[in-house]
Amino acid sequence: MVERVLVHIGLPKTATSYLQTIVWTNRDELRRRGVVVPGVERRDHLWASRTVREDPAQLRAPEHHRGAWDRVLTELAASDGVGLISHEFFAAASRKQAAAMVEALAPSPVHLVVTAREPLGLFAASWQESLKNGATTPMVDYGRHESRSATAIWNWRSLDLRLVLERWSTAVPPERIHVIALDPTAARDDVWQRFAAVVGFETAGLDLSGSFPNSSMGVTEAETLRRLNGRLDEFRSALDRGVFIRSFLADQRLVPRGG
């Protein structure tokens with residue numbers, strides 16, 4: 001069993017994709033350095049978060065998705081070193097769900113890793129992320145409330161650092177909570193170096209070539225996507241949103257325009 005587990009819960013839009021890409025690209029080398037990233041693929045941590053957050057959609061998901069959390073637990077129980085779980089959707093977990101996750105990982109102590117950034121940039125980036133997932137809410141109406149549901153991600157429930165820490169700190173003591181604040185003036189790999197220092201491994205020799213910046217759309221481009229989403233009634237499956245709205249429209253055509 002691993003000696004401890006570091007659970008990186010976001011916040012969403014705080015370099016999480018950047019960090020996760022590097023971690024999964026270097027997964028085998030990290031294991032040789034004593035860091036176990038459990039699961040058979042990167043999406044296992046997403047699917048595990050759905051089980052932990054008791055997402056009703058998980059009950060209808062394929063068996064491979066439903067089994068992700070068990071695969072994560074089994075691998076950590078059979079491994080030495082330090083475990084690392086990372087997905088930003090864990091941030092939305094309730095107090096009860098956070099406690100249940102920590103209990104499931106016992107007797108390995110859990111350390112919480114939280115990446116954070118200045119609220120205005122976080123708010124704007126999360127609104128754009130909601131558009132890439134097919135939303136049509138104008139920015140002026142976005143994120144006005146904290147959802148009571150752990151399945152709702154794009155609202156203050158998972159974006160407000162205080163609210164997230166209030167829930168998770170009932171399950172993880174303060175001395176095991178590590179907050180990494182993004183510095184917008186720092187070098188691109190600054191957050192990676194500080195993340196690695198918290199987890200406890202050397203970064204020399206690791207492959208960072210697969211990492212990429214999650215660039216934003218301009219104001220005009222974001223509003224264009226928002227209006228288009230209202231006309232794309234037949235593009236509502238997760239696959240359609242990922243292929244056509246996020247990749248084809250947003251990332252490949254609107255983001256490169258700048259703004």
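The values are calculated or read from the model by the stated rules, or taken from the named source; none is laboratory data. The model shown is predicted, which means the values in this text are computed figures rather than measured ones. Neighbour counts run over all protein chains shown; Cβ positions are idealised from the backbone, glycine included.
Just a few scattered comments:
- Meets criteria (of a type outside the set (Ser, Thr, Tyr) and touching a strand residue (DSSP E or B) at 6+ places or on another chain (Cβ under 6 Å)) for ALA171: no
- Residue identified as out of contact with any Ser or Thr (no Cβ under 8 Å at 6 or more places or on another chain) and without any contact (Cβ under 8 Å) to a residue 24 or more places away in the chain among ALA187, ALA196, ALA135: ALA187
Conditions (1) of a type in the set (Phe, Trp, Tyr); (2) closer than 28 Å to ARG194 by Cβ; (3) not assigned by TED's automatic domain parsing to the domain that holds PRO184, marked per residue:
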residue: ALA92; (1), (2), (3): no, yes, no
residue: ARG95; (1), (2), (3): no, yes, no
residue: ALA98; (1), (2), (3): no, yes, no
residue: GLU103; (1), (2), (3): no, no, no
residue: ALA106; (1), (2), (3): no, yes, no
residue: VAL114; (1), (2), (3): no, yes, no
residue: PRO119; (1), (2), (3): no, yes, no
residue: PHE123; (1), (2), (3): yes, yes, no
residue: LEU131; (1), (2), (3): no, no, no
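- Of everything in the range 55-79 that is of a type in the set (D, E, K, R) and out of contact with any strand residue (DSSP E or B) (no Cβ under 8 Å at 6 or more places or on another chain), the residue that is farthest from LEU163 (Cα to Cα) is GLU63.
- Some residue of the range 28-48 being assigned by TED's automatic domain parsing to the domain that holds PHE89, assigned to a loop (DSSP other than H, G, I, E, B), under 22 Å from HIS111 (Cβ atoms) and over 18 Å from the mean Cα position of the chain (by Cα): yes
- Each residue in the range 210-244 was checked for being assigned to a loop (DSSP other than H, G, I, E, B) and either in contact (Cβ under 8 Å) with a residue 24 or more places away in the chain or out of contact with any helix residue (DSSP H, G or I) (no Cβ under 8 Å at 6 or more places or on another chain) (or both), and 16 of them qualify.
- In the range 124-142, residue nearest to ALA57 (Cα to Cα) [restricted to those that are under 18 Å from the mean Cα position of the chain (by Cα) and crowded, with 18+ Cβ neighbours inside 10 Å]: SER130
- Failed condition for SER247, given (1) touching an Asp or Glu at 6+ places or on another chain (Cβ under 9 Å); (2) assigned to a helix (DSSP H, G or I); (3) over 20 Å from ALA124 (Cβ atoms): (1)
- Considering the range 39-69, and only residues there that are among the acidic types (Asp, Glu) and over 25 Å from THR25 (Cβ atoms), the residue that is surrounded by the fewest Cβ atoms within 10 Å (Cβ to Cβ) turns out to be GLU63.
- Whichever residue in the range 189-245 is within 23 Å of HIS111 (Cβ to Cβ) and among the charged types (D, E, K, R) and, among such residues, is surrounded by the most Cβ atoms within 10 Å (Cβ to Cβ): ARG194
- Hits in the range 213-244 - residues which are among the aromatic types (Phe, Trp, Tyr) and more than 16 Å from GLU129 (Cα to Cα): PHE235
- Unique match (being over 18 Å from TRP192 (Cβ atoms), basic (Lys, Arg) and under 14 Å from the mean Cα position of the chain (by Cα)) among ARG71, ARG53: ARG53
- On inspection, ARG257 passes the criterion of being basic (Lys, Arg) and either exposed (fewer than 13 other Cβ atoms within 10 Å of the Cβ) or over 29 Å from HIS65 (Cβ atoms) (or both).
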